[in-house]
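The values are calculated or read from the model by the stated rules, or taken from the named source; none is laboratory data. Treat the numbers as computed from the prediction; the structure is a model and nothing was measured. Cβ: placed from backbone, ideal geometry, glycine included. Neighbour counts: every protein chain shown.
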């Protein structure tokens, strides 16, 4: 298996300390704090380890404090409910004695029921599209170090935007975008693992959709962005080592907060998951050293 993907799987496994207490490490992938998708994925992994014969169908989470990438994170799981068909788990992520994140996840016994779904957007397929890392050297020279590192470091997922991203020139666009994603190597046929990895990758690119109508440019250093909450619903089985279209839209931005929604479709049009997120989007007149730096992964 590709080394960077194997490292991500190890990161999401967690060390069991007690029956309901787990510990995870972090990876510095260029953001100012622990990547939010990592904490979501690890928290869901911890919850999964306390549930048998049921699969996650939804999760709702809040980011409370910035995570310290140099320190381990402890995950405490509360077995809130085990009913006939559903189980609910609450997870608190703790660093330096304080909660940095909490999550509620619901699990269901496999069951057959009514089915319908939204249509997949009519966009170009992944073949022929360039990966997000395909940025000209002259552009890389003009963007911040953290963004440059994000674009050049090896990653566990491929990202192929339908519309190439513009990192330096102002352009006001409709608050919509589409990105094809896929793990860089084949993975075991473990449904829970694919859900956890989907939770991990669902935090990429989402909030930045709310900045598209405003032509904001990360390179100017006058935009502060941070995820506040995150929700994800798993509708159907999916493999993240096969191409998935992540389709985003942002119906609203107000009060220094942006709101964005996303849908994951398989290449043949099956809707497998939906997500939503609200986050801080603050435009600064002058760079303030006390402000939290933006995460380059949130940019559109």
Total residues in segment 189-202, condition surrounded by fewer than 22 Cβ atoms within 10 Å (Cβ to Cβ) and in a loop (DSSP other than H, G, I, E, B): 2
Picking from 77, 123, 112, which residue would you name as being crowded, with 19+ Cβ neighbours inside 10 Å and either modelled with pLDDT of 95 or more or over 19 Å from the mean Cα position of the chain (by Cα) (or both)? 77
Positions within segment 170-188 being part of a strand (DSSP E or B) and either within 18 Å of residue 266 (Cα to Cα) or free of Cβ contacts under 8 Å to residues at least 40 places away in the same chain (or both), in sequence order: 177, 178, 179, 180, 181, 182, 183
Looking only at segment 59-74, filter to residues that are part of a strand (DSSP E or B) and within 16 Å of residue 22 (Cα to Cα); which one of those is farthest from the chain's Cα centre (by Cα)? 74
Taking residue 205, is it modelled with pLDDT under 90 and surrounded by 19 or more Cβ atoms within 10 Å (Cβ to Cβ)? yes
Going through (1) in contact with a helix residue (DSSP H, G or I) (Cβ under 6 Å, 6 or more places away or on another chain); (2) at pLDDT below 90; (3) assigned to a loop (DSSP other than H, G, I, E, B) one by one, residue 216 fails only at (1)
